[in-house]
1. When you scan segment B:86-96, do you find a residue that is in contact with an Asp or Glu (Cβ under 8 Å, 6 or more places away or on another chain), closer than 27 Å to residue B:265 by Cα, among the polar types (S, T, N, Q) and part of a helix (DSSP H, G or I), even just one?
2. Given A:249, A:239, which one is within 11 Å of chain B (Cβ to nearest Cβ) and under 18 Å from the mean Cα position of the chain (by Cα)?
3. Exactly one of these conditions fails for residue B:46: (1) small (Gly, Ala, Ser); (2) surrounded by fewer than 16 Cβ atoms within 10 Å (Cβ to Cβ); (3) modelled with pLDDT under 70; (4) closer than 19 Å to residue A:145 by Cα. Give me its number.
4. Could you list, in sequence order, all residues of segment B:271-286 that are polar (S, T, N, Q) and closer than 12 Å to residue B:227 by Cβ?
5. Can you go through B:273, B:262, B:293 and tell me which one is over 30 Å from residue B:163 (Cβ atoms), among the aliphatic types (A, V, I, L, M) and at pLDDT below 80?
6. Looking only at segment B:232-259, how many residues end up being more than 9 Å from chain A (Cβ to nearest Cβ), surrounded by fewer than 24 Cβ atoms within 10 Å (Cβ to Cβ) and not polar (S, T, N, Q)?
7. What number of residues in segment B:155-202 are more than 27 Å from residue B:96 (Cβ to Cβ) and not hydroxyl-bearing (Ser, Thr, Tyr)?
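The values are calculated or read from the model by the stated rules, or taken from the named source; none is laboratory data. Being a predicted model, the structure only gives us computed values, none of them experimental. Glycine also receives a Cβ, built like all others from the backbone with ideal geometry; neighbour counts cover every protein chain displayed.
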Amino acid sequence: MKTGSSKPETGKAGEVSAWGVLRRNRMALLCMGVLGAMTLAAIFGPWLMPESASQLTANQFAPPSWEHPFGTDLHGQDLLYRVLTGARVSLFVGLAGAVISFAIGTAYGLIAGYAGGKIDGAMMRIVEILYSIPRLIIVLIAINAFDDPIKKWLSALDAPGLISYSRILILVLSLGLIEWLTMARIVRGQVLSLKSQQFVTAARSLGQSHWKIVTRHLLPNLVGVVVIYLTLTVPAVILDESFLSFLGLGIQAPQASWGSLLASGAQAINPVRSYWWLLVFPAATMSVTLLALNFLGDALRDALDPRSRR
Amino acid sequence: MLMVLFCVVSITFFLVRLAPGGPFDKERKIPPQIEKALLAKYKLDGTLWQQYTGYLGDLLKGDLRLSTKYRNRTVNELLAQTLPTTALLGGTAFVIATVGGVALGAWAAARRGTAEETGAMFVSLIAISLPTFVTGPLLILVFALTLNWLPVGGLDSPASLILPALTLAGPYVAYIARLTRTSMLEVLGQDFVRTARAKGLSEWRVVSKHAAKVALLPVVSFLGPLAANLLTGSIVVETVFNIPGAGGFFVNSIQNRDGFLLGGVVIVYCVLLVVLNLLVDIAYTWMDRRIKLA
């Protein structure tokens, strides 16, 4: 299983062979299909559904039927519609948060790894300290602190439509700001080993600038690792977001994400009467998405980096 | 380690204090004298710097101050009432996760290459991916509401501890099982195990005396993060199962802008984490003599 030397591959060759490995993995293909379908459904589904699906009606707590495949909720809204619009929010927050964490983590890891020595030591010490802080708790406090300022700032921008998105904005920013630690560590480790390779020494002896070495030689070799952890960060951020929304501290009504739908579903089951569909359908949708993302991340890791195969 | 605590305390203090809107903002305006008296009572007067140093001083004395929401109750009292519940839940989950995970992992390693192993590993991957706020309500729906085997919530009897503890431990049982299996397989292929086998030791002795000590090292190093995750996870599980633990204060204190209660919970959780991590480090050096405590 272990291959001895870490041969630096160029970005392109790595992708092609990885794609080959990935294509043979049926599970990974299935996951990609599921994720593609979920994304399309989230983007276009709510538009394709009849206008009545988004309306509040008197038909509350209707069990699943042909008309409402997922049933209806407390306000008589179609649950399928709610789950799909929730998917929009959850997927967007997951993706945007992951991209932010990717940008910070890659930059931080690159600088630390490339600079080396004392700078590297100090920067990684900071990461270690941040690691030991319970991060979601810090996010909870940050949401509490920045909610009003961001609302004020958005209303000062004179864009009334944006105010309802302030929570999403805070979530994306704060989750992006806490999820970069692992990315930074991995990128730094990779840069450390790449830095000592001969092609970097060659580039340096040719008198290339630091900027050129980083962008031309190091970054392309980081693509594989970074892509793997990007796919693994998306489900992590989705989880964090729904954790917060479940506690009622994330996305606020009337907007919904999977977490807040689950929260209302959990409240709708009790010994007297269980409206089970309010819980089961959001739970199933979210679980399938998270599973697909995690499986895909694992498959990608196997395809791109055989050494880390567990 | 003290550094970490200090950072957390400072971050919490400033984020809470700098946030607009104080704990006494009500619809009705309070007369200035009363407001002044309230601020003095809760030691919220003076400059930000004076408040900060004053707070740090009180913390050193072990005083977590008064809660601004639950009038006239100290944060120490509130935590003393609720922490044992959280500790019971977290402790049970901790035991389930480690014992169950190691047993499952060792079992899977022993049955390498069988369909059962593949099945167990697949199920564990699913268990890792499912968050507690999905599994918790689903478990309630099945075992409490449909089958009527176990209570729905609260924490009145040992039976009511089963579902929350299982919910909380579930993903980590799976994770530890995978961890144990991988490292067990790796260790069983090493030379010293072959030597032990060649000496004619029974398979049980080989695994329990020789292999286990090395194979469990990754599990031991995961115990620190495990404790952290269980603490964070208990916030959700306590909400789902309606358990009167300290985790509920997190949500409440943020919604009520109860700064000192929030600070108190954060500090206690962090102290717990730091201590647990230290214990894990000590256990690690004790198990693996190659490592020296730095």
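1. yes
2. Result: A:239 is the single residue among A:249, A:239 that is within 11 Å of chain B (Cβ to nearest Cβ) and under 18 Å from the mean Cα position of the chain (by Cα).
3. Every listed condition holds for residue B:46 apart from (4).
4. Matches in segment B:271-286: B:277 only.
5. Exactly one of B:273, B:262, B:293 is over 30 Å from residue B:163 (Cβ atoms), among the aliphatic types (A, V, I, L, M) and at pLDDT below 80, namely B:293.
6. Going through segment B:232-259 one residue at a time, the tally reaches 4.
7. Residues meeting the conditions: 12.
Condition check ((1) assigned to a helix (DSSP H, G or I); (2) buried (at least 18 other Cβ atoms within 10 Å of the Cβ); (3) within 7 Å of chain B (Cβ to nearest Cβ); (4) at pLDDT 70 or above) across all residues:
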position	(1), (2), (3), (4)
A:261	yes, yes, no, yes
A:277	yes, yes, no, yes
A:281	yes, yes, no, yes
A:285	yes, yes, no, yes
A:288	yes, no, no, yes
A:294	yes, yes, yes, yes
